[in-house]
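The next block holds one structure in the form of structure tokens; read it before the comments.
The values are calculated or read from the model by the stated rules, or taken from the named source; none is laboratory data. As the structure is a computational prediction, the values presented were derived from the model and not from experiment. FYI the Cβ positions are ideal-geometry reconstructions off the backbone, even for glycines, and counts take in every protein chain you see. SASA here: full protein model, heavy atoms, side chains in, ligands and nucleic acids out. Shrake-Rupley method; radii C 1.70, N 1.55, O 1.52, S 1.80 Å.
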Amino acid sequence: DGGITQSPKYLFRKEGQNVTLSCEQNLNHDAMYWYRQDPGQGLRLIYYSQIVNDFQKGDIAEGYSVSREKKESFPLTVTSAQKNPTAFYLCASKWTGGNTGELFFGEGSRLTVL
Amino acid sequence: AQKVTQAQTEISVVEKEDVTLDCVYETRDTTYYLFWYKQPPSGELVFLIRRNSFDEQNEISGRYSWNFQKSTSSFNFTITASQVVDSAVYFCALSDEDQGAQKLVFGQGTRLTINP
């Protein structure tokens, strides 16, 4: 079945460690996105990518990094520079042709910093 | 800048009641799209509806209906005869095009609890 797969679903990290969250899609979508969700704040955009080998910062990119080496994959690294990394992270993808279509989301990764 | 406001943080009703979730948006674009998503406990956001700025007709899909009013910059969502399975967090979102890149700006979300 087509969709977006995020892994791991739950992740615990010690302070000062980098961690990488995986996002893979088989929908043949060009655009991919990473959002962060905190209670009461909705979803905030971290990074997005419209095509392979290109990506842009979103509203809260500090302390995060991404790569887009393949169309299907858009991993997010939460670095030790991110001051408050405990959150729920959602990956999404979108077809870029035609009218503005909806985002398709993965099931999310919940990161807890101990 | 684009902004979406969902003033209702939490709503709790008894099953079979009707409930309306409010969404107010701000944009300077003349062409834009509005969305509603549902987030069940599993975490994944599920797309419910997309509406473009030129189409102000209300839409009904089963027990769900949407009221788009450009004059008040609102895109409200009503669930008729609510059911326990409707319990979820609901997000309203607005399209934002920046140098050819299409993004969504989300509201804070409304947690809806339907009690049996």
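In region B:10-55, the residues that give up 20 Å² or more of accessible area when the other protein chains are added, compared with the chain on its own (1.4 Å probe), are B:Tyr33, B:Phe35, B:Tyr37, B:Gln39, B:Ser42, B:Gly43, B:Glu44, B:Leu45, B:Phe47, B:Arg50.
Here the spin labels are modelled as points 7 Å beyond Cα on the Cα-Cβ line, and at A:Leu27 and A:Arg110 they lie 2.3 nm apart. Our summary gives region B:27-67 a relative contact order of 32 percent, counting only alpha carbon pairs under 8 angstrom and 6 or more residues apart.
Kirkwood analysis of the Cα pair distances in the protein assembly as shown returns a hydrodynamic radius of 18.2 Å. Over chain A, accessible surface divided per residue gives 49 Å², non-protein components excluded, 1.4 Å probe. For region A:71-114, a decrease in accessible area of 50 Å² or greater in the assembled protein chains relative to the isolated chain, with a 1.4 Å probe, applies to A:Thr100, A:Glu102, A:Phe105, A:Glu107.
Filter A:Lys14/A:Lys83; A:Lys14/A:Lys57; B:Lys3/B:Lys38 down to the pairs with a C-alpha to C-alpha distance above 22 Å, please. Show your work: numbers first, answer last.
On the way: A:Lys14/A:Lys83 12 Å; A:Lys14/A:Lys57 25 Å; B:Lys3/B:Lys38 19 Å.
Those over the limit are A:Lys14/A:Lys57.
Taken per residue, the accessible surface of region B:9-57 reaches 57 Å², heavy atoms only and a 1.4 Å probe.
Selection among B:Ser42, B:Thr30, B:Asn52 by position relative to the dipole of region B:17-116 gives B:Ser42 as farthest towards the positive end (Cβ unit charges, Cα centre).
For a test of the definition: using alpha carbon positions, the gyration tensor, and the 1.5 limit on a/c, classify region B:32-115 as rounded, prolate or oblate.
On the way: a/c = 2.37, a/b = 1.36, b/c = 1.74.
Since a/c reaches 1.5 but b/c is at least a/b, the shape of region B:32-115 is classed as oblate.
What dipole magnitude, in Debye to the nearest 20, does chain A give about its Cα centre under +1 on Lys/Arg Cβ and -1 on Asp/Glu Cβ? Dipole magnitude for chain A comes out near 320 debye.
So, with +1 on the Cβ of K and R and -1 on the Cβ of D and E, and no other charges, what is the size of the charge dipole of chain B about its Cα centre, to the nearest 20 debye? Before the final figure, lay out each step's value.
Numbers: 10 positive and 15 negative charges, 10 e Å.
The calculation lands at about 40 debye.
Legend: mean number of C-beta atoms from other chains within 10 angstrom of residue C-beta atoms, peptide B:84-92, equals 1. Using a probe radius of 1.4 angstrom, the carbon and sulfur fraction of the accessible surface of chain B is 45%. Just to confirm my numbers, what's the Cα centroid distance between region B:25-70 and region A:85-114 in Å? Region B:25-70 and region A:85-114 have Cα centres separated by 18 Å. Give me the number: length gained by fully extending B:Val46 to B:Thr113, i.e. 0.36 nm times residue separation minus the C-alpha to C-alpha distance, one decimal in nm. Contour length minus Cα-Cα distance gives 22.4 nm.
In square angstrom and rounded to 100, what buried accessible area do you get between chains B and A, total over both, with the probe at 1.4 Å? It would help to have the intermediate numbers written out before the result.
Values: alone 6690 and 6460 Å², together 11310 Å².
Interface between B and A: roughly 1800 Å².
Computed with a 1.4 Å probe over protein heavy atoms only, the accessible area of B:Lys70 comes to about 70 Å².
The ratio of the alpha-carbon radius of gyration of chain A to the globular-protein estimate 2.2 N^0.38 Å is 1.01. Hey, if you put +1 on the Cβ of every Lys and Arg and -1 on every Asp and Glu Cβ in the protein assembly as shown, which of B:Gly62, A:Pro8, A:Ser80 ends up farthest toward the positive end of that dipole? Toward the positive end, the furthest listed residue is A:Ser80. The distance between label points at B:Ala7 and B:Ala81 comes to 3.0 nm (points 7 Å beyond Cα on the Cα→Cβ vector).
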